[in-house]
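K.L.:
This is the structure I have questions about; it appears just below.
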Amino acid sequence: MAENSVVTDVNPSADVTVHRRRVVVIGAGQAGLSAAYFLKRAGLRPGVDLEVLDANPTAGGAWSHRWDALTFDHVNGLHDLPDSRLGAADPAEPARDVVTRYYGRYEQEKGLGVQRPWRVRSVRAVDDPGARFRVVAERPDGALREYAAGAVVSATGTWDQPYVPWYRGRFGGRQLTTRDFTAPGDFAGRRVLVVGGGISAIQFVQLLDEHGVDTLWSTRTPPRWRDCPFDTEAGLGVENRVAARTRAGLRPRSVVAETGLPTSPSVLDAIDRGVLVSRGPIRALTSDGVDFADGTHEAVDVILWATGFRASLSHLAPLGIRERTGGVVMADDDVSVVKAPGVSLVGYGRSASTLGATRAGRRAARRAVDFTADLG
Ligand SMILES: Cc1cc2nc3c(=O)[nH]c(=O)nc-3n(C[C@H](O)[C@H](O)[C@H](O)COP(=O)(O)OP(=O)(O)OC[C@H]3O[C@@H](n4cnc5c(N)ncnc54)[C@H](O)[C@@H]3O)c2cc1C
């Protein structure tokens, strides 16, 4: 298949050149870079029999979009990419800048030839000689590329799919999600309701409070404070629970539902001061604020939905792998998609952390190499 790798045929319907690749990796965050590294180590040549496509204009995956105030000392820890060390990072530097620089250096050093900005629009199964999938990618200027691929590793994260729960009523003020947050200064003089029970939500409440913003907090269920350290054993327990869900085709639950919320000294202090105290669930939105389930009403100027994300999988819709539950049935290796042999998901379910993504990238690479052995 590699001999045919440059330009081989033209899609007669759209007049688009089709590039043949043994494996196409979609996404160049921690998960995609790990998979690409192991594919290259297995002998696949980027731009020849391997293509890595990323929708972002720069390196860094979802980290390249995170807000200034999320400094490196506020993240849970970033696992090293394979055969590489992040090394010491300035704790006061935005995590966005640290990670973007690290991933960018990695792509260069490992020669992964990441193609960007190319957003994959669809992956469909085909029965062509020498190819099992057609992958269509689009650049922001509308240019199209099509690939005939033997296997696909999808590592597209969650950042593009913020989840906002539905409530009765209509709010007349500003609404935004975690994805849109830039700086606490944007909310000066405003009254802000932060919604969500995860780590981002508690960080937003604390950050806004530190900047003198009048802030309220709403969670659907009481905050799940963790009273024990999150050690290796606890991490393994979480991974096993997540894997049990995804192997059953259920959608992975929110991170906090599995891990609970950390109680650092600053968090305990904010709880004591009444800052990190949830008003409980919202019952309905109103033009000037919200009605809470306890019957009280609060007027606010802004609602910040820190209510999590869903996996970005819309490009895989033609494969019909989504269950009614919204999940995908995963095999016991936690990367292979049962209903689409030759397709791996990395950074999904059990591997939705920088540690999990790094390990899963290796497994997905091995699966893709094995699956395409007759094409290599
Ligand atoms: C606020 C926040 C803080 C977090 N903090 C931590 C932490 O401290 N430690 C930790 O381990 N984890 C953390 N996580 C989870 C973390 O983001 C992941 O563990 C990891 O970075 C995700 O890597 P990824 O490669 O799966 O996804 P991403 O980093 O999201 O990368 C996916 C890439 O795929 C691209 N893409 C998406 N769709 C397409 C498409 N259709 N075609 C082409 N490209 C596409 C995107 O542009 C992106 O570059 C955090 C998550 C959030 C939301």
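K.L.:
Looking only at segment 145-179, count every residue that is hydroxyl-bearing (Ser, Thr, Tyr) and within 11 Å of the ligand (Cβ to nearest atom) and tell me the total.
P.N.:
5
K.L.:
Just to verify a result, which residue in segment 311-337, among those that are aliphatic (A, V, I, L, M), more than 15 Å from the ligand (Cβ to nearest atom) and touching a residue at least 24 places away in the same chain (Cβ under 8 Å), is surrounded by the most Cβ atoms within 10 Å (Cβ to Cβ)?
P.N.:
Here the answer is VAL329.
K.L.:
Return the pair list, or none, for Cβ contacts closer than 8 Å from residues in segment 48-59 that are within 9 Å of the ligand (Cβ to nearest atom) to residues that are acidic (Asp, Glu), at least 6 apart or on different chains.
P.N.:
Note: pairs meeting the criteria are ALA55/ASP160; ALA59/GLU107.
K.L.:
For GLY157, are the conditions met, namely being within 24 Å of the chain's Cα centre (by Cα), surrounded by fewer than 18 Cβ atoms within 10 Å (Cβ to Cβ) and on the phi > 0 side of the Ramachandran plot?
P.N.:
Criteria not met by GLY157.
K.L.:
Assess whether ARG179 counts as being in contact (Cβ under 8 Å) with a residue 40 or more places away in the chain, in a helix (DSSP H, G or I) and charged (D, E, K, R).
P.N.:
Judged against the criteria, ARG179 is a match.
K.L.:
On the basis of being at pLDDT 95 or above, assigned by TED's automatic domain parsing to the domain that holds SER314, part of a helix (DSSP H, G or I) and hydrophobic (A, V, I, L, M, F, W, C), does ALA62 make the cut?
P.N.:
Yes.
K.L.:
Identify, please: which residue in segment 202-223 is without any contact (Cβ under 8 Å) to a residue 60 or more places away in the chain and part of a loop (DSSP other than H, G, I, E, B) and is, among those, surrounded by the most Cβ atoms within 10 Å (Cβ to Cβ)?
P.N.:
Per the stated criteria, the residue is VAL213.
K.L.:
Let me ask something else about it. May I ask you to list the residues in segment 103-125 that are acidic (Asp, Glu) and either within 12 Å of the ligand (Cβ to nearest atom) or in contact with a Lys or Arg (Cβ under 6 Å, 6 or more places away or on another chain) (or both)?
P.N.:
Matches in segment 103-125: GLU107 only.
K.L.:
Okay, moving on. Which residues, counting only those in segment 182-192, are within 26 Å of the chain's Cα centre (by Cα) and assigned to a loop (DSSP other than H, G, I, E, B)?
P.N.:
THR182, ALA183
K.L.:
Another one. Over 24 Å from the mean Cα position of the chain (by Cα), outside any loop (DSSP other than H, G, I, E, B) and modelled with pLDDT of 95 or more: is that true of ARG132 in this structure?
P.N.:
Yes; evaluated as a whole, the condition is true for this residue.
K.L.:
Moving on. Could you grab me the full set of residues in segment 282-305 that are out of contact with any Leu (no Cβ under 6 Å at 6 or more places or on another chain), more than 16 Å from TRP166 (Cβ to Cβ) and in a loop (DSSP other than H, G, I, E, B)?
P.N.:
Result: SER287, ASP288, ASP294, GLY295, THR296, ASP301.
K.L.:
Within segment 262-276, count every residue that is in contact (Cβ under 8 Å) with a residue 60 or more places away in the chain and assigned to a loop (DSSP other than H, G, I, E, B).
P.N.:
So the count comes out to 3.
K.L.:
Just name the residue that is surrounded by the most Cβ atoms within 10 Å (Cβ to Cβ) out of those in segment 344-366 that are of a type in the set (Ser, Thr, Tyr), more than 7 Å from the ligand (Cβ to nearest atom) and part of a helix (DSSP H, G or I).
P.N.:
Checked segment 344-366; the qualifying residue surrounded by the most Cβ atoms within 10 Å (Cβ to Cβ) is SER351.
K.L.:
Run down ARG253, ARG245, ARG279, ARG241 and say which single residue is part of a loop (DSSP other than H, G, I, E, B) and either hydroxyl-bearing (Ser, Thr, Tyr) or touching a residue at least 12 places away in the same chain (Cβ under 8 Å) (or both).
P.N.:
Step by step, each of ARG253, ARG245, ARG279, ARG241 is checked, and only ARG279 is part of a loop (DSSP other than H, G, I, E, B) and either hydroxyl-bearing (Ser, Thr, Tyr) or touching a residue at least 12 places away in the same chain (Cβ under 8 Å) (or both).
K.L.:
One residue is enough: does segment 68-91 have a residue meeting the conditions at positive phi and at pLDDT 95 or above?
P.N.:
For segment 68-91, residues at positive phi and at pLDDT 95 or above: present.
K.L.:
Identify, from the list GLY172, GLY150, GLY104, the residue that is part of a helix (DSSP H, G or I) and on the phi < 0 side of the Ramachandran plot.
P.N.:
None of the other options fit; the residue is GLY104.
K.L.:
Okay, moving on. Which condition number does ASP128 fail, the rest of (1) within 15 Å of the ligand (Cβ to nearest atom); (2) over 26 Å from GLN161 (Cα atoms) being met?
P.N.:
(1) is the only condition that ASP128 fails.
The values are calculated or read from the model by the stated rules, or taken from the named source; none is laboratory data. All values derive from a computational prediction rather than experimental measurement. Counting neighbours? That spans all protein chains shown, and the Cβs are built from the backbone with ideal geometry, glycine included.
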